[in-house]
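Shown next, in structure tokens, is the structure this report addresses.
Derivation of every value follows stated rules applied to the coordinates shown; laboratory data play no part. None of the values given here were measured: they were computed from a predicted structure. Glycine gets a Cβ as well: all are built from the backbone with ideal geometry, and neighbour counts include every protein chain shown.
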Amino acid sequence: MDNNIENSNLDKKEIKSVNRREFLSKSALLGAGIVASPIAFANEKNSSEKIEGSKSAFKMDKRMLGALEVSPIGLGCMSMKSGSYNPPRDTKEMIPVIRGAFDLGVNFFDTAEVYGPFTDEELVGEALQPIRDKVVIASKFGFELSTGSRGGRNSRPENIRKAVEGMLKRLRTDRIDLLYLHRLDPNVPIEDVAGTVKDLIKEGKALHFGLSEVSPTTIRKAHAEQPVAALQSEYSIIQRALENEVIDICGELGIGFVPWGPVCRGFLGDKFNEHSRFSSDSRLSQVPYFTPEAIEAHMEVLSLVREWGRKKDATPAQIALAWVMAQKPFIVPIPGTTKLHHVKENQGALNVTFSDTELKEFRNALEQIKLVGVRGPETALVDQ
Ligand SMILES: NC(=O)c1ccc[n+]([C@@H]2O[C@H](COP(=O)([O-])OP(=O)(O)OC[C@H]3O[C@@H](n4cnc5c(N)ncnc54)[C@H](OP(=O)(O)O)[C@@H]3O)[C@@H](O)[C@H]2O)c1
């Protein structure tokens, strides 16, 4: 089965579940005593998905990533053009999703040079050009892309500089608000990477420095050379390895934490079920927590999430995001989606709160569930 067929099947399943989710999403807003009003679309003409709601419907307290202020939930743009979890989407269909997210209060957009490669940054640049000064753009370097496709890791200073020059063009901007190292290059000392970013910051081409999937030792070394604003690594109700030291180190050093995969690549958005299987050409087939055995085991987590959703009039995706945000005030998830109604649903997580007692109760139940194929805590201590 090819990836397109697989994904079109997924999309059919989603269509069936949307009405229920839309209902739950609305009830979360109503439950919070909030009246929805029509939003002004940045690009009404191209909008294929119309939704109701406005940013005034969500509690929009900003969060800090180091010295960088961002909306409490960002938007992961990876799969829009890279096709990681779905066939690559048309630019004209994705621009309204990005601009619609901004209208709903999202001002933090995540992409990377390697997504596509390049095409995802081009999309993000085009979508955000009219509102450039009102948004925070994050992108990442760290791979060899000179042949036009993804090679090995390459964070030599000259490659970082080349990457940034390309980013500035593709993103249609004169500065990258948050410039991340995507993956550590074992051949380049982290101090050299941080030093190069420090120079780029002095030149005004980047404003803040970020890291992704690195160890506590690397975080500390990098931070000593150039203050790190954010660490972006995988974290969700299911994938909790980073609770081993890393999140605490972020708190200690004043570094923001940006979980990728916060809805567990769709699983905690109720996108799959125990019968879901991924074809060998799908990226999801490579994910160890999506083997048939793992999916079956994790249905228990989904049941727990659904149960909390019923208690709080929230959808599973909203519970997944609210739970992550409730762990620390410096956590800013960036759920990825290609659908504006999912952006709206995800923003509804801002109206879902957990008391300390509820967080304990949730965790106690979670710790009873045996997880399969997730990273062990020891993996948090080494560079990925
Ligand atoms: N630093 C890194 O190494 C790294 C690695 C991976 C990703 N990232 C970044 O992090 C972002 C998020 O991570 P991710 O995309 O891997 O995982 P994710 O956000 O947990 O999951 C994305 C998947 O969830 C689905 N989804 C989102 N909201 C939903 C909802 N309300 N209901 C049902 N399904 C929903 C999306 O499908 P639909 O399109 O159908 O909504 C998409 O397939 C990426 O976009 C990327 O920018 C960074």
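Brief remarks on what is shown
- Region 269-344: GluC sites (Glu not before Pro) in DSSP loop, at most 15 other beta carbons within 10 Å: GLU274
- For region 325-384 versus region 179-242, the inter-centroid distance based on Cα atoms is 22 Å.
- Prolate/oblate/rounded call for region 233-326, Cα gyration tensor, a/c under 1.5 rounded: oblate
- Prolate/oblate/rounded label for region 3-373 (Cα gyration tensor, a/c 1.5): rounded
- Where N is the number of residues in region 229-279, Cα Rg divided by 2.2 N^0.38 Å: 1.41
- Once C-alpha pairs closer than 8 Å and six or more residues apart are averaged by separation and normalised to the residue number of region 214-294, the relative contact order reads 25 percent.
- Annotation: amide H of LEU75 within the under-5 Å range of PHE108, PHE109, ASP110, sequence separation 5 or more or interchain, hydrogens built in the peptide plane.
- Fewest neighbouring Cβ atoms within 10 Å first, the residues THR337, THR291, THR111, THR357 line up as THR357, THR291, THR337, THR111.
- Full-stretch length increase - SER149, GLU274 - with 0.36 nm per residue and alpha-carbon distance subtracted: 41.5 nm
- Per-peptide packing, taken as the mean over residues of other Cβ atoms within 10 Å, places 267-273, 376-382, 322-328 in the sequence 267-273, 322-328, 376-382 from highest down.
- A Förster distance of 41 Å, applied to the separation of the beta-carbon atoms of THR379 and GLU165, puts the FRET efficiency at 0.75.
- When peptides 170-180, 144-154 are ranked by their average number of other Cβ atoms within 10 Å per residue, the highest-first order is 170-180, 144-154.
- Per-residue Cβ neighbour rank within 10 angstrom, fewest leading, LYS339, LYS140: LYS339, LYS140
- Cα gyration tensor, region 294-384 - rounded (a/c under 1.5), prolate or oblate: rounded
- A simple charge model with +1 on the Cβ of Lys and Arg, -1 on the Cβ of Asp and Glu and nothing else charged puts the dipole of the chain at about 760 debye relative to its Cα centre.
- Net charge, VAL136 excluded, C-beta distance under 12 Å - Lys, Arg +1, Asp, Glu -1: +1
- Ranked list, fewest to most other Cβ atoms within 10 Å of each Cβ, for HIS298, HIS182: HIS182, HIS298
- Of the residues VAL258, VAL343, GLY66, the one whose Cα sits farthest toward the positive end of the charge dipole of region 3-373, with +1 on the Cβ of Lys and Arg and -1 on the Cβ of Asp and Glu, is VAL343.
- Estimated from the Cβ-Cβ distance and a Förster radius of 25 angstrom, the FRET efficiency linking VAL372 and LEU253 is about 0.15.
- Cα point-scatterer Debye curve for region 308-354, base-10 log of I(q)/I(0) at q = 0.28 Å⁻¹: -1.06
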